[in-house]
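The structure under discussion appears below in the form of structure tokens.
The values are calculated or read from the model by the stated rules, or taken from the named source; none is laboratory data. Here the structure is a predicted model, which is why all the values come from computation and not from measurement. All Cβ positions, glycine included, derive from the backbone under ideal geometry; neighbour counts span all protein chains shown. Just the protein is used for accessible areas: all its heavy atoms, side chains included, with ligands, DNA and RNA removed. Shrake-Rupley method; radii C 1.70, N 1.55, O 1.52, S 1.80 Å.
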Amino acid sequence: MRKVLILLLFPILLTAQDKNLLLYKETIKDMDFEEVKFFLKSALDGKNMNVLTVMDISDKPRMTVFYVCNLNYGEKILRKFPEFGAIAPCRIYILEKPDGSVEVGYINIPGLVKTFRKYFGKEEVEMLMKADKDIKEAIKEVKEGM
Amino acid sequence: MRTLIAFLIGASLIILFMFFIKYYFGDPYRLLFYTVEIKNKNFDQVVEDLKAKLDKNGLKVIRMLPLSKALEARGVKDFMKYTIVLACDIPQKKELLTKVPSMSNLIPCSVAVYEKEGVVKLTTLKEIIFLAEEKDNLSNEDVQLVVDTYRTLRKTLDEVSK
């Protein structure tokens with residue numbers, strides 16, 4: 001099955017421009033999983049990136065997914081491209097790694113913008129990039145200990 | 001004469017193959033989104049029908065996010081009717097997501113329900129690009145699980161559209 005899939009996807013793999021086409025991730029060291037979870041939620045709230053649902057996936061290793069949305073950004077983006085709701089709310093995962101570090105990841109928004117540029121206007125691109133900036137700043141705040 | 005016919009058949013097959021590749025893989029929209037249109041039901045009927053059919057087909061609904069109602073409460077009056085259904089709460093999600101966390105973009109799944117120009121539409125993601133990106137980290141069983149889940153999801157959307 002996997003071999004068939006790889007064969008079918010060969011053209012995509014050839015044309016893939018970025019190594020991580022669909023995922024952006026960062027590693028946070030010297031901080032406990034629960035601390036990262038608490039501070040990241042606070043930092044996202046502070047950026048008006050509202051955490052709609054928190055889904056605890058696993059206890060060992062610890063993994064949680066935040067479902068995040070900014071209604072103002074969402075309104076502008078979905079007016080132009082309603083299909084984008086299939087990617088919403090933005091999922092941000094937090095995963096405890098075997099070495100004790102914590103991985104935080106979410107969909108590669110600049111990669112999506114690049115891929116779907118022709119479907120967006122200037123304002124929607126700005127909204128998407130602003131959402132990406134807000135999430136990255138929230139992660140940076142957690143890394144720097146708020 | 002035979003050589004000419006063989007050449008023409010070969011050339012036609014190559015052109016058809018190139019067209020297939022361009023059609024399916026050349027447009028990111030077609031590659032990433034699956035959309036169905038529903039003409040014989042109103043928005044609220046579609047949302048209810050979708051929820052019932054997702055549960056019936058084993059793609060358990062986790063939460064409904066009535067986006068247009070939330071915007072209306074904030075004073076936005078002219079936004080289309082819009083709800084996001086968070087579903088596909090499959091029992092194997094713990095093993096899959098802790099192994100390949102980027103699969104959290106697919107599982108649980110989102111179905112966007114919206115009314116555009118008088119037509120209710122349902123859109124969900126297609127799994128193919130996500131699986132391609134993680135091809136080295138997924139086992140055959142993982143791929144099969146995601147493919148089966150999304151096949152059932154598309155079948156469910158098709159059922160709602162009938």
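Listed values, structure above:
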{"read-out": "Candidates A:67, A:106, A:119: whichever shows maximal mean-square fluctuation once chain A is modelled as a Gaussian network with Cα springs under 10 Å", "value": "A:119"}
{"read-out": "Loop-located trypsin sites (Lys or Arg not before Pro) in segment B:43-135 whose Cβ has at most 12 other Cβ within 10 Å (DSSP)", "value": "B:74, B:77"}
{"read-out": "Percent RCO, i.e. relative contact order, over chain A, from Cα pairs under 8 Å lying at least 6 residues apart", "value": "30 percent"}
{"read-out": "Residue among B:104, B:68, B:12 with the largest mean-square fluctuation in a Gaussian network model of chain B, springs linking Cα atoms under 10 Å", "value": "B:12"}
{"read-out": "Per DSSP, loop GluC sites (Glu not before Pro) in segment B:44-140 with at most 14 further Cβ within 10 Å", "value": "B:117"}
{"read-out": "Modelled FRET efficiency - R0 41 Å, residue A:122 with residue B:44, Cβ distances, 0.05 increments", "value": "0.75"}
{"read-out": "Distribution of pairwise C-alpha distances over chain A, 10 Å bins, in %", "value": "11, 37, 32, 19, 2"}
{"read-out": "Computed magnitude of the charge dipole of segment A:19-143 (debye, nearest 20; Cβ of K, R +1, Cβ of D, E -1)", "value": "640 debye"}
{"read-out": "Length released on extending from residue B:7 to residue B:92, taking residue separation times 0.36 nm less the Cα-Cα span", "value": "25.5 nm"}
{"read-out": "Summed buried accessible surface, chains B and A, 1.4 Å probe, nearest 100 Å²", "value": "4600 Å²"}
{"read-out": "Choice from B:79, B:43, B:17 showing the highest fluctuation, given a GNM over chain B with Cα pairs closer than 10 Å", "value": "B:17"}
{"read-out": "Whole-Å distance, taken between Cα centres, linking segment A:53-81 and segment B:89-114", "value": "12 Å"}
{"read-out": "Estimated dipole of segment B:32-161 in Debye, rounded to 20 [Cβ of Lys and Arg +1, of Asp and Glu -1, Cα centre]", "value": "340 debye"}
{"read-out": "Environment charge at residue A:130 (Cβ cut-off 14 Å; Lys +1, Arg +1, Asp -1, Glu -1)", "value": "-2"}
{"read-out": "Accessible carbon and sulfur surface of chain A relative to its total accessible area, %, 1.4 Å", "value": "54 percent"}
{"read-out": "For chain B: accessible area per residue (Å², 1.4 Å)", "value": "52 Å²"}
{"read-out": "Pairwise label distance in nanometres, residue B:99 with residue A:80, each label 7 Å out on the Cα-Cβ vector", "value": "3.9 nm"}
{"read-out": "Dipole-positive endmost among A:121, A:85, A:139 within segment A:19-143 (Cβ charges, Cα centre)", "value": "A:121"}
{"read-out": "Sites residue A:71 and residue A:25 - FRET efficiency at Förster radius 30 Å, r taken between beta-carbons, to 0.05", "value": "0.70"}
